[in-house]
Amino acid sequence: MLGSRLVRWRTSLNRIFKPFVFLVAAIYFLVDAAFWTVAKPIARRLADHWIFGSLRAWIVSLRPYPTLALFVVPVIILEPVKPVAAYLTATGHVVSGLTVLVVGEILKLVLIERLFRVSRDKLMSIRVFAWCYDKIRQAKDWVESLEAWQLTRRWSLIAKHAVRSYVLEMKTSQKQERLSWQSR
């Protein structure tokens, strides 16, 4: 009797928390995906900068576990940015909250992406890291396979295209306006 109650209680909790966990995971991945579109070109530009050549050489010279420690530093320092930004926004400091979120997320993604790209093979040689990476990839693949995610992705691509078209139209109209003023 106690066992069946426990099973029903767990089933009820699963029914309650599963949508919440899905929502939190979807928002987390969506925020990271949104910021990644901005962070990717920044990361590419930084990677080619001459200053980072010696830093890259130093990172490559590290053994796997010191590389893992270096990889974890930006996560530990910059992951709390989201709750801090949420707190700032909730307390009425919307611009400050959004600024903290944008700068912190882009910085975190750029640093982690660069470190991972430079030291991927060494990090994957650590069995626990490789296992965690595999589980994260599986979770991300699962979320991306969901119909809700695909619909959200489609909407974001449509919105992105609409914004680009609008910006291009505005630039074209401003250019024509300048030309018409110059011809007078």
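Bear in mind these aren't lab numbers, they're just calculated from the coordinates by the rules spelled out. This one's a predicted model, so the numbers in the text were calculated from it and none came from an experiment. We place every Cβ from the backbone using ideal geometry, glycine too, and count neighbours over all the protein chains shown.
Brief remarks follow.
- When you work out D = kT/(6 pi eta Rh) for the stretch 96-139 at 4 °C and 1.567 mPa s, using the Kirkwood radius from C-alpha pairs as Rh and the Stokes-Einstein form, the result is 108 µm²/s.
- Placing unit charges on each Cβ (+1 for Lys and Arg, -1 for Asp and Glu) gives the stretch 2-145 a dipole about its Cα centre, and among Pro66, Pro41, Val100 the Cα reaching farthest toward its positive end belongs to Pro66.
- Under the combined filter of DSSP loop state and at most 12 neighbouring Cβ atoms within 10 Å, the stretch 64-152 retains none of its trypsin sites (Lys or Arg not before Pro).
- Computed lengthening from Ser145 to Leu98, 0.36 nm per intervening residue step minus Cα-Cα distance: 14.0 nm
- Hz values of 3J(HN,Hα) by residue in the stretch 145-158 - Karplus curve (6.51, -1.76, 1.60), Gly and Pro given as x: 7, 5, 4, 5, 5, 5, 5, 4, 4, 4, 4, 5, 5, 5
- Within the stretch 2-145, the ratio Rg/Rh, alpha carbon atoms throughout and Rh by Kirkwood, equals 1.07.
- Using the Cβ of Arg44 as centre and a radius below 15 Å, the other residues enclosed give a net charge of +3, where K and R count +1 and D and E count -1.
- Residues in the stretch 88-128 that a label on Arg56 would reach, taking backbone N under 20 Å of a point 7 Å out along Cα→Cβ: 107-124
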